[in-house]
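The values are calculated or read from the model by the stated rules, or taken from the named source; none is laboratory data. Keep in mind it's a predicted model, so treat the numbers as computed, not measured. As a convention, Cβ positions derive from the backbone with ideal geometry for all residues, glycine included, and neighbour counts pool all protein chains shown.
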Amino acid sequence: MPASGQHRVEIAELRRRAADERRRADRAAALAEAYAARSAEVPERLRLVFARAAELHYRMQARQLAAARLHETYAARIEQQQAVQPWPAPPRFMAVVAETLGVPGAAAALYDQRSHTPVLVSTSDATAQAAYDLESMAGEGPATHLMAEGRPLRAAGAELAARWPRYGPAAVKLGIRAVTAVPLQVPAARLGVLCCYDARPTAKDDIMAAAVTLAGALTPMLLRAAPAASLDALIAQPAMVP
């Protein structure tokens, strides 16, 4: 069945956002290339400055391309779902995040930095929701650890139980054998965490870099979805940039 009018509007908006992100990515790439070219021409004392500027814009390009892919994939999932059922529940956006990272499940959370309570929690599926909820019962886990320490982390296999004696064995019972967690942040503050859950006992080699890039794209999307009244409470802690 064709998408309803409401879903057509949503799909069009997602594709508009994707196009905007791709235009921003093109501008960032052009600036990165210009800085890289200039770094070979400027005096030696300035070369590092230009090289770092090029690296910054290449990272911006990667985040913007990741955001574009998320919007495009989500639009495609809505279209596919509407073709099968007339009025299904919309697909979970975090399911697209997990698919993009190549893991079975993912959870993202923004926290009130004063009370340390979640302002917004989004998960890909029931297992990811259970894995995230498990931390509040165990008092430990990847999201808890990252919000305390601020650094990306990865744990797999026996390391899960070694690092988190209560959380690790319970996560394994959920079918989770590897976790990766990276911060959701803006330059002024660390706002939350993106957790990736995998059934394989070894974490993918490239999952950390991919998750960091995708977290940069995901953070502004989650901020748009957060309750307006909670935004002031989010910006209350210095960022810990990896």
Can you tell me which residue in the stretch 110-144 is modelled with the lowest pLDDT, limited to those that are hydroxyl-bearing (Ser, Thr, Tyr) and crowded, with 16+ Cβ neighbours inside 10 Å?
TYR111
For the stretch 75-87, indicate whether the set of residues that are in a loop (DSSP other than H, G, I, E, B) and either closer than 11 Å to TYR197 by Cβ or not hydrophobic (A, V, I, L, M, F, W, C) (or both) is non-empty.
yes
Can you name the residue in the stretch 201-214 that is assigned to a helix (DSSP H, G or I) and in contact (Cβ under 8 Å) with a residue 60 or more places away in the chain and, of all such residues, is surrounded by the most Cβ atoms within 10 Å (Cβ to Cβ)?
ALA211
Of all residues in the stretch 27-48, which are surrounded by 13 or more Cβ atoms within 10 Å (Cβ to Cβ) and at pLDDT 90 or above?
ARG27, ALA28, ALA29, LEU31, ALA32, GLU33, ALA34, TYR35, ALA36
When you look at ARG15, is it in contact with a Ser or Thr (Cβ under 7 Å, 6 or more places away or on another chain) and surrounded by 12 or more Cβ atoms within 10 Å (Cβ to Cβ), yes or no?
no
Of all residues being in a helix (DSSP H, G or I) and in contact (Cβ under 8 Å) with a residue 40 or more places away in the chain in the stretch 94-109, which is surrounded by the most Cβ atoms within 10 Å (Cβ to Cβ)? Just the residue, please.
VAL97
